[in-house]
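Undergrad: Supplied in structure tokens, the structure appears directly below.
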Amino acid sequence: MSKGHDHGPGASSRRLIWALALTTTFLVAEVIGAVVFKSLALLSDAAHMFTDVAALAIALAAIRIGERPADDLRTFGYRRFEILAAAFNAVLLFLVAGYVLYEGALRLFDPEPVGSTGMLIVASFGLIVNLISMRLLASGADSSLNIKGAYLEVWADMLGSIGVIGGAVVIMLTGWTWVDPVVAIGIGLWVLPRTWTLLRNTTHILLEGVPKGLSLPAVRATIAAVPGVAEVHDLHLWGISSGDVNGSVHVALNEGAAAEPVRLSVLQQMKTVHGIEHATVQTEAGPGGDPEGAGHSTDRHR
């Protein structure tokens with residue numbers, strides 16, 4: 001395979017497929033191991049491994065489905081699929097983490113025997129799977145937000161596997177079975193804030209909030225500073241998916257200002273200063289006149 005193909009969508013899809021296959025296979029094995037060896041820590045790590053599977057599946061689906069063109073029913077295409085799937089993933093994670101924390105609290109007061117050797121073996125294989133998946137995704141993490149998110153999920157799960165391995169070693173050496181629920185609770189508490197952040201971000205996008213990194217007052221000030229602009233109103237900024245920015249705005253023109261040059265200047269400033277490449281600008285007459293061309297709009301697409 002030539003180097004020219006290593007960074008394309010096809011290569012990214014293949015890496016994701018391999019990582020997804022490895023992670024899914026081990027997820028099933030870890031759940032079985034958690035039941036057989038009665039390890040809540042393994043079950044908690046499996047819940048986190050589930051986030052890896054979901055993140056990889058979302059990234060792969062976003063590449064495949066996101067490539068579908070817009071049609072008469074879905075004028076923005078299928079890019080929002082990524083956000084819907086991520087929100088569903090976050091809700092499931094809350095339920096799983098809640099169950100793990102509940103079971104962990106019960107086991108602290110009534111510890112159960114744990115197969116520490118099997119727990120150690122399963123967690124060690126999990127660490128190996130995470131390292132392989134990280135290696136597969138590393139080359140695409142800098143060029144794709146989706147792959148970067150999946151890479152970070154796998155990286156975080158690697159830490160969970162290390163925690164389970166440490167817990168298994170402690171149980172083998174000391175016989176302290178209460179270490180298992182402590183590790184499980186630790187992983188659950190560590191996953192919850194990240195899950196909340198995921199749900200908060202997806203909800204923000206679904207509510208068409210201002211994309212991360214942008215400030216509505218700052219964008220308004222940039223537009224207002226364009227020569228010929230008398231007033232800025234009805235400014236909206238939103239995203240269809242992560243990393244996607246759309247904008248629309250109405251500008252009132254100064255007396256004597258030509259609409260077309262002002263529109264082009266506003267579009268250029270929105271792109272150059274704030275990175276908004278998909279914007280619609282509508283001009284209208286300001287106080288004192290009816291500039292030629294006012295009332296039309298210009299749309300710039302990526």
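Undergrad: Counting only residues that are open to solvent by 10 Å² or more (accessible area, probe 1.4 Å) and over 9 Å from ASN130 (Cα atoms), which one in segment 155-164 is nearest to the chain's Cα centre (by Cα)?
TA: So, considering only residues that are open to solvent by 10 Å² or more (accessible area, probe 1.4 Å) and over 9 Å from ASN130 (Cα atoms), the one nearest to the chain's Cα centre (by Cα) is LEU159.
Yes/no matrix, rows are residues, columns are (1) at pLDDT 80 or above; (2) over 24 Å from LEU198 (Cα atoms); (3) aromatic (Phe, Trp, Tyr):
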{"site": "ALA70", "(1), (2), (3)": "no, yes, no"}
{"site": "LEU73", "(1), (2), (3)": "yes, yes, no"}
{"site": "ASN89", "(1), (2), (3)": "no, no, no"}
{"site": "PHE94", "(1), (2), (3)": "yes, no, yes"}
{"site": "LEU101", "(1), (2), (3)": "yes, no, no"}
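Undergrad: So, GLU231, is that one assigned to a strand (DSSP E or B), in contact with a strand residue (DSSP E or B) (Cβ under 6 Å, 6 or more places away or on another chain) and either open to solvent by 50 Å² or more (accessible area, probe 1.4 Å) or under 20 Å from GLU82 (Cα atoms) (or both) or not?
TA: For GLU231, the condition - assigned to a strand (DSSP E or B), in contact with a strand residue (DSSP E or B) (Cβ under 6 Å, 6 or more places away or on another chain) and either open to solvent by 50 Å² or more (accessible area, probe 1.4 Å) or under 20 Å from GLU82 (Cα atoms) (or both) - is met.
Undergrad: If I filter segment 207-224 down to residues being assigned to a helix (DSSP H, G or I) and touching a helix residue (DSSP H, G or I) at 6+ places or on another chain (Cβ under 8 Å), which single residue comes out as nearest to ARG263 (Cα to Cα)? So that I can check it myself, show each step before the final result.
TA: First, pick out the residues of segment 207-224 that are assigned to a helix (DSSP H, G or I): 216-224.
With touching a helix residue (DSSP H, G or I) at 6+ places or on another chain (Cβ under 8 Å) added as a condition, the list becomes 218-219, 222-223.
On the way: ALA218: 18, VAL219: 15, THR222: 13, ILE223: 10 Å.
The qualifying residue nearest to ARG263 (Cα to Cα) is ILE223.
Undergrad: Moving on to the next point. Could you please tell me which pairs satisfy a Cβ distance under 9 Å, a separation of 6+ or placement on different chains, a first residue in segment 242-265 that is farther than 22 Å from PRO211 by Cα, and a second residue that is acidic (Asp, Glu) and assigned to a loop (DSSP other than H, G, I, E, B)?
TA: ALA258/GLU292; ALA259/GLU292; GLU260/GLU292
Undergrad: Now, a different point. Is at least one residue of segment 47-54 open to solvent by less than 30 Å² (accessible area, probe 1.4 Å) and of a type in the set (S, T, N, Q)? Don't jump to the end; show me each part of the working.
TA: The initial filter retains those residues of segment 47-54 that are open to solvent by less than 30 Å² (accessible area, probe 1.4 Å), namely 47-49, 51-54.
Narrowing the set further to residues that are of a type in the set (S, T, N, Q) leaves 51.
Yes, that holds for at least one residue.
Undergrad: Among the residues of segment 165-180, are any assigned to a loop (DSSP other than H, G, I, E, B), open to solvent by less than 70 Å² (accessible area, probe 1.4 Å) and either out of contact with any strand residue (DSSP E or B) (no Cβ under 6 Å at 6 or more places or on another chain) or modelled with pLDDT under 85 (or both)?
TA: yes
Undergrad: Failed condition for GLU284, given (1) in contact with a strand residue (DSSP E or B) (Cβ under 6 Å, 6 or more places away or on another chain); (2) surrounded by fewer than 17 Cβ atoms within 10 Å (Cβ to Cβ), with all others met?
TA: So GLU284 meets the others, but not (2).
The values are calculated or read from the model by the stated rules, or taken from the named source; none is laboratory data. Note that the structure is a prediction, hence the values are computed from the model and not measured. Virtual Cβ from ideal backbone geometry, glycine too; neighbours counted across all protein chains shown. Please note that ligands, DNA and RNA were not included when accessible areas were found on the heavy atoms of the full protein model with its side chains. Shrake-Rupley method; radii C 1.70, N 1.55, O 1.52, S 1.80 Å.
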